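To keep things clear, I will list the structure first and then write my remarks on it.
The values are calculated or read from the model by the stated rules, or taken from the named source; none is laboratory data. What you see is a predicted model; the values in this text were computed from it and never measured. Cβ placement follows ideal geometry from the backbone for every residue including glycine, while neighbour counts extend to all protein chains displayed.
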Amino acid sequence: MNLDKLLNIKYPIIQGGMANITDGKFAAAVSNAGALGTIGSGGMKADVLAKEIDICKGLTDKPFAVNLIMFRSDIKELVEVVCRAKVPYVIAGAGSPGPYMEDFQAAGIKVMPVISSPLQIKRLDKFEVFAYIAEGMEAGGHIGEMTTMTLIYQVAGATDKPIIAGGGIGSGAQMLAAEVLGAEGVQIGTAFLFTDEVPVHQNYKDLLMHTESHRITSIGNLNGRPMRLVKNPMTREFKELERSESDKEVLEDFTLGRLRKAVYEGDVDQGSVMAGYTAAQFDRLYSVPELLEKLMSEYQLAKNSVK
């Protein structure tokens, strides 16, 4: 894997940006530990994002990224914030960064779009993107339809840009599998929910530490906005509503604010406990440095075992 050299970091790992969770302080902790920390701007207004970037810069001199949700109505304001701050990297999800590429380039920002289909490469390769983060359906939060294994293999053969694998990666062996399929590095989100430093309610962490794979599900498949999370009373209610209600606005209103309810209030019954399938691989908490060392040790062990 060469992502560490490409990004000038210690490990070939990007910490996935998670809305309402990965703030400037956490991103700095990840960057200081050797991976690429990412501020998740979902749920942040422009002024809040600017403050979080300042916090991150004040806590680390290492590279970091900001994850932008491109379909947001206020995306222009958020783009202005990251360009003024000259953040090293932007991870662009849920929409094309195309309209803002000139702004990013003028600010010296390298852009990594999140893709869930090889088709997106055909649309984005005309722009000077730095790399692609190909995220499979095993990921937590909003997801696409392709599995990580098929996605990585197909996109790696469709572009000469570096590919970073995301979705369903929470061990060194899974990192090695991604490398064999053509990835230069990985993006990991769910595993970072099992860290002491991540700013989520303890109830959220406790539920995840006792979650097995059959307890992880997806909702929103019928309204075109699927997301992966842990089963709870809220997910059951949503699925019942989804079967009888075709109005997308009604379904979206039902989930509004549910992530914040879980993350900040610790309501793991009526909140959205977003997590990917790799949550079932963890049953304890780690410090961020410990987690990264664990992943890299497993990666090296897996690599040695197949020689």
Pick from the range 212-231, criterion in contact (Cβ under 8 Å) with a residue 40 or more places away in the chain and among the hydrophobic types (A, V, I, L, M, F, W, C), ranking: surrounded by the fewest Cβ atoms within 10 Å (Cβ to Cβ): MET227
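For ASP206, state whether it is farther than 20 Å from ILE69 by Cα, modelled with pLDDT of 95 or more and among the acidic types (Asp, Glu).
In short, yes.
Quick check on my filter: what residues within the range 27-58 are part of a helix (DSSP H, G or I), closer than 20 Å to ILE169 by Cα and touching a residue at least 40 places away in the same chain (Cβ under 8 Å)? Even if it seems obvious, please write down each step before you answer.
We begin by selecting, within the range 27-58, every residue part of a helix (DSSP H, G or I); these are 27-33, 46-58.
So of that shortlist, the ones also closer than 20 Å to ILE169 by Cα come out as 27, 30-31, 33.
Scanning the range 27-58 gives VAL30, ALA33.
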Scope the range 235-287; condition among the acidic types (Asp, Glu) and either in the same structural domain as GLY189 (by TED's automatic domain parsing) or in contact with a His (Cβ under 9 Å, 6 or more places away or on another chain) (or both); matching residues: GLU265, ASP267, ASP283
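Which one is farthest from MET18 (Cα to Cα) among residues in the range 147-164 that are part of a loop (DSSP other than H, G, I, E, B) and either polar (S, T, N, Q) or under 16 Å from the mean Cα position of the chain (by Cα) (or both)?
THR159
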Given (1) modelled with pLDDT of 95 or more; (2) part of a loop (DSSP other than H, G, I, E, B); (3) touching a Leu at 6+ places or on another chain (Cβ under 7 Å), number of the condition ASP61 does not satisfy: (3)
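Please tell me if VAL66 is under 23 Å from ILE163 (Cα atoms), buried (at least 24 other Cβ atoms within 10 Å of the Cβ) and either out of contact with any Lys or Arg (no Cβ under 9 Å at 6 or more places or on another chain) or in contact (Cβ under 8 Å) with a residue 60 or more places away in the chain (or both). Write out each step before concluding.
Numbers: under 23 Å from ILE163 (Cα atoms): yes; buried (at least 24 other Cβ atoms within 10 Å of the Cβ): yes; either out of contact with any Lys or Arg (no Cβ under 9 Å at 6 or more places or on another chain) or in contact (Cβ under 8 Å) with a residue 60 or more places away in the chain (or both): yes.
Answer is yes for this residue.
Yes/no matrix, rows are residues, columns are (1) β-branched (Val, Ile, Thr); (2) under 23 Å from GLN15 (Cβ atoms); (3) without any contact (Cβ under 8 Å) to a residue 60 or more places away in the chain; (4) buried (at least 17 other Cβ atoms within 10 Å of the Cβ):
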position	(1), (2), (3), (4)
THR147	yes, yes, yes, no
THR159	yes, no, yes, yes
MET175	no, yes, no, yes
PHE194	no, yes, no, yes
HIS210	no, no, no, no
